[in-house]
Amino acid sequence: MLEKMKAQDSDMKFSYILDTTLNEREGLDSTDPRIEVLLIQTPMMSKNYQHFHDIVFMDATYNTNKFNLSLAVLSGISSEGKNIILAICLMARETA
């Protein structure tokens, strides 16, 4: 899906890391990799970051979706004082 979005708009940005050891720890099939980290930035998010990168906040949930991934939202403050989303990230764990 992300590849399709990137083909439609070359300014779409995303990056991911797959990890088979996550499955091994949970006793699942290790040949099927799972997402360790997925970072997404749409063209509008990128444009907002270029203009409003002075203050960046990060807020993460804790395993609240069916994939047990934490959702981190990177946001900033626009010149009008409004909260704007700069990027989103799904993470298998919040530690390095």
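Scanning region 78-96 for residues that are over 14 Å from SER46 (Cα atoms), of a type in the set (A, V, I, L, M, F, W, C) and over 12 Å from the mean Cα position of the chain (by Cα) turns up just one, ALA96. Only residues that are at pLDDT 70 or above and surrounded by 15 or more Cβ atoms within 10 Å (Cβ to Cβ) were counted across region 12-32, and they come to 4.
The values are calculated or read from the model by the stated rules, or taken from the named source; none is laboratory data. Being a predicted model, the structure only gives us computed values, none of them experimental. Cβ: placed from backbone, ideal geometry, glycine included. Neighbour counts: every protein chain shown.
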